[in-house]
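Student: Questions regarding the structure given below will be posed in turn.
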Amino acid sequence: MITELTVLVLAASSPWAHRWWVGLCDRYTESQMIIGGTFISLVAGYALGCVPYVLFDWFRWQPVAVYKVQPKRYVSWRVAVETSAYVLSLFVFVMLPLIVVGSGALFLLGVTLDPARIPSATTIAMQTVFFFLVEDFGNYWLHRALHTPWLYQNVHRVHHEHDAPFALAATYAHPIEVIVLGLPTFAGPLLVGPHLLTLWVWVLLRNYEAIDIHSGYELPYNLNRFLPWIAGAEHHDYHHAHYSGNFASVFVWCDQVYGTSLGFDALQERKSAAAKLGKMA
Ligand SMILES: [Zn+2]
Ligand SMILES: [Zn+2]
């Protein structure tokens, strides 16, 4: 994720992006930019993020298959196609109307398109990290609320249809859940009032991150391998496999502070103890 963040931040703050942005502002109205551009960022983040994992699942290459969190649990093509069709309908019939409704609030709270105010790389990076922190905290509590009996039975159960998650199912959820969990995604931008370009970077990365944690692969270059406070795929996979615990999406802090990762932590300890024993044998 940090690679994608770095590439996107540098690209978005480059002179090339500045010229591109001026061209977009000349060609499109403010509403087209904020609604159309934000929607395209959302879909692009999803599509780009899914491509490598769909290929991994399709070809089942052994060098990659060894990083599968739940070995040999591959999604069937029928389920993959059905899931994609459902997610596509969520994009068009739930997320697009949400962006249309939310665009007014974003303008009122200071989102700007002004080419003269394209933010620096530092500003884009700092605001994006802030959005991730707000998202993580809000998502944690809303996700826990979705696990109360009534909300789980009537709303969140849809997302838990897959106990071995895969990339295409990252946003597979009841429409009400999509709306509820959209709140922390846009809470950070509503608090800050960023440049629209920063908002596009954020939406793209947020979607990419959701795919990452649902991919079912804990790859050796995943960020959480180097930064222990990032949750990662195995962390969220545990939530799907056990239907409880590990409620946070981005960082491990909330689950550790509120005691909802005890089962996962114990499992990880048992795994590392077994690995040590295996090396000694
Ligand atoms: Zn859940
Ligand atoms: Zn999930």
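Student: Using modelled amide H (1.01 Å from N, peptide plane; none on Pro or chain starts), what sits under 5 Å from the amide H of Phe251, excluding residues fewer than 5 places away?
Tutor: Ala231
Student: Follow-up. Could you work out how far the C-alpha centroid of region 15-83 sits from that of region 188-251, in angstrom?
Tutor: 14
Student: If you don't mind, there's one more thing I want to ask. Counting Lys +1, Arg +1, Asp -1, Glu -1, what net charge surrounds Gly245 among other residues with beta carbon under 13 Å of its beta carbon?
Tutor: On the way: positive: Arg144; negative: Glu234, Asp237, Asp255, Asp265.
Result for the local shell: -3.
Student: Follow-up. Which shape class, rounded, prolate or oblate, goes with region 127-251 when its Cα gyration tensor gives a ≥ b ≥ c as root eigenvalues, a/c under 1.5 marks rounded, and past that a/b bigger than b/c marks prolate?
Tutor: Details: a/c = 1.80, a/b = 1.18, b/c = 1.53.
Verdict is oblate for region 127-251.
Student: Report the Rg/Rh value for the chain, based on alpha-carbon coordinates and the Kirkwood definition of Rh. Could the numbers behind the result be given before it?
Tutor: Details: Rg = 19.4 Å, Rh = 19.8 Å.
Using Cα coordinates only, the ratio equals 0.98.
Student: Hey, can you grab everything whose amide H is under 5 Å from the amide H of Tyr217? Only 5+ residues off in sequence or another chain; H modelled, so Pro and N-termini drop out.
Tutor: Placed amide hydrogens put Val69 under 5 Å from Tyr217.
Student: What list of ³J(HN,Hα) couplings, whole Hz, do you get for region 20-37 from phi and the Karplus terms 6.51, -1.76, 1.60, once you set θ to phi - 60° and write x for glycine and proline?
Tutor: In residue order, the calculated couplings are 4, 5, 4, x, 5, 5, 5, 8, 10, 6, 4, 5, 4, 5, 6, 7, x, x Hz.
Student: Now for a separate question. Could you give the size of the charge dipole of the chain about its Cα centre, using +1 on the Cβ of each K and R and -1 on the Cβ of each D and E, expressed in debye and rounded to the nearest 20? Write down the numbers at each step before the final one.
Tutor: Values: 16 positive and 19 negative charges, 111 e Å.
My answer is approximately 540 debye.
Student: Given only helices, namely DSSP H runs of n ≥ 4 each adding -39500 (n - 2.57), what is the per-residue ellipticity at 222 nm of the chain, to the nearest 500 deg cm²/dmol? Working shown, then result.
Tutor: Values: 13 runs with 180 residues, N = 281.
So the helix-based figure for the chain works out to -20500 deg cm²/dmol.
Student: Follow-up question, since we're still on this one. Per residue, how much space in cubic angstrom lies within the convex hull of the C-alpha atoms of region 206-253?
Tutor: For region 206-253, the hull spanned by Cα atoms encloses 68 Å³ per residue.
Student: I've got another one for you. As I understand it, the value is the acute angle between the Cα axis of helix 121-146 and the longest principal axis of the Cα atoms of the chain; what does it come to in degrees, rounded to 10?
Tutor: Helix 121-146 sits roughly 50 degrees off the main axis of the chain.
Student: For region 177-281, rounded, prolate or oblate, judged on the Cα gyration tensor with a ≥ b ≥ c (square roots of eigenvalues), a/c < 1.5 rounded, else prolate if a/b > b/c?
Tutor: Values: a/c = 2.61, a/b = 1.99, b/c = 1.31.
It is prolate, given that a/c is not under 1.5 and a/b is the larger ratio.
No lab work stands behind these numbers, since they all come straight from the coordinates. All of these numbers come straight from a predicted model, not from anything done at the bench. Positions of Cβ are backbone-derived with ideal geometry, glycine not excepted, and every protein chain shown enters the neighbour counts.
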